[in-house]
Amino acid sequence: MHVIRHTQDMATADRGGAFALGNFDGVHLGHQQVIGQASSIASQNSVPSGVLIFEPHPQQFFFPDKPFFRLTPFRAKTRLLEAQGLDVLAALPFDANMAERSAESFIGDILVAGLGASHIVVGYDFRFGKGRAGDGALLEKMGRELGFGVTIVEEVTDEGETYSSTRIRECLHAGDPQGAARLLGHWWSVETHIVTGDQRGRTIGFPTINLPLEEHVEPALGVYAVLIEIEDGPHEGSYKGVANIGRRPTFNKSDVLLEAHLFDFEGDLYGAHAAVSFVEYLRPERKFDGLDSLKAQIALDSEQARERLKKVAKPWELAQ
């Protein structure tokens, strides 16, 4: 998949494709329907398949002081989009110029002149351009005038539940990673580089890797059974583990940190890139009266996590 940040960087071979438009935060099953339509149309017409997103997310531009809300920051989203088999990812910068661009200018200058798009696919509620004035109807009108096709994908539901990024965030806030995964079609993960922590875990027999949340949405604080993917370095591979995400009140900390203990692992992972996938919520975070009680609880948490992770039946489900 070719990733471009500016339309002038687009190779001639990547122009003329069928493009899905959207933020696609989470790349959930509803998003995958939109992207799948673009891929199908591209295949039928022997043209490239692509997605156009904005980076940073427009909400980060308009509301810079809003708490982090993203399910998938750029690197994670890129990985998930690549897994959809796309040829091109246009990740255009969302800045003051883009925010002021009219819907008509966006269509003419970005979609037609910039990407040379032959077909555009959007969800039923997609809005774009200054003041969110553009919608599917405008795309269809200008498509007839400028010579590109338009497909509008209706709301995607499962047993009456709409696939939406907002609903997924609600699941995570409620400590329901399995509910989030059913909507995503994959486990929700925190993906970032491992940083140096206080190294207290080593002293009690449970060394951890430490990952800042950075731009990720904050889920319910507490202990989870997790799957860990180390993406580079000598220990690259898949592991199971138990993780705490929280403020570590036992040690009077206040910042939120993800600490994950990898089962049956020894080695140095500092600086490696890791993806920690949340499988099951085990308990809320709490303060302990000392290291001995904390160590005993971690041992119980680890035993429970091992047992639950034995029952992973599908990429996002647990066997009952």
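Annotations
- What the phi angles of segment 14-19 give under the Karplus curve with 6.51, -1.76 and 1.60, with θ = phi - 60°, is a coupling list of 8, 7, x, x, 9, 10 Hz, glycine and proline written as x.
- Cross-link partners of LYS295 among aspartates and glutamates, defined as those whose alpha carbon lies under 20 angstrom from its own and excluding same-chain residues fewer than eight positions apart: ASP198, GLU259, ASP264, GLU266, GLU285, GLU303, GLU307.
- Of all DSSP-defined beta bridges confined to the chain, some 65% are antiparallel rather than parallel.
- Taken one residue at a time, the phi angles of segment 104-121 give Karplus couplings (6.51, -1.76, 1.60, θ = phi - 60°) of 5, 5, 4, 5, x, 7, 8, 6, 8, 6, x, 9, x, 4, 9, 8, 10, 10 Hz. Gly and Pro are set to x.
- The alpha-carbon positions of segment 2-158 define a convex hull whose volume is 110 Å³ per residue.
- Within the same chain, lysines fewer than 8 places from LYS310 are excluded, and of the rest, those with a Cα less than 20 Å from its Cα are LYS240.
- Proximal aspartates and glutamates relative to LYS66, as straight alpha-carbon distance under 14 Å, when same-chain residues fewer than 8 apart are discounted: GLU214, GLU215, GLU218
- Estimated distance in nm for a label pair at GLN8 and ASP292, the labels positioned 7 Å out from Cα along Cα-to-Cβ: 6.9 nm
- Read-out percent of Cα pairs over 27 Å apart, derived from the coordinates shown; its label in (i) 48; (ii) 44; (iii) 52: (i)
- Long-range HN-HN contacts of THR151 with modeled amide H, under 5 Å: ILE120, VAL121, VAL122
- Relative contact order %, segment 2-158, counting alpha carbon pairs below 8 Å whose residues are six or more apart: 31 percent
- Across the chain, Cα pairs under 8 Å and at least six residues apart give a relative contact order of 16 percent.
Every number in this text was worked out from the coordinates using simple rules, so none of it is lab data. What you see is a predicted model, and the numbers here were worked out from it, not measured in a lab. For neighbour counting, all protein chains shown are included, and Cβ atoms are generated from backbone atoms with ideal geometry for every residue, glycine included.
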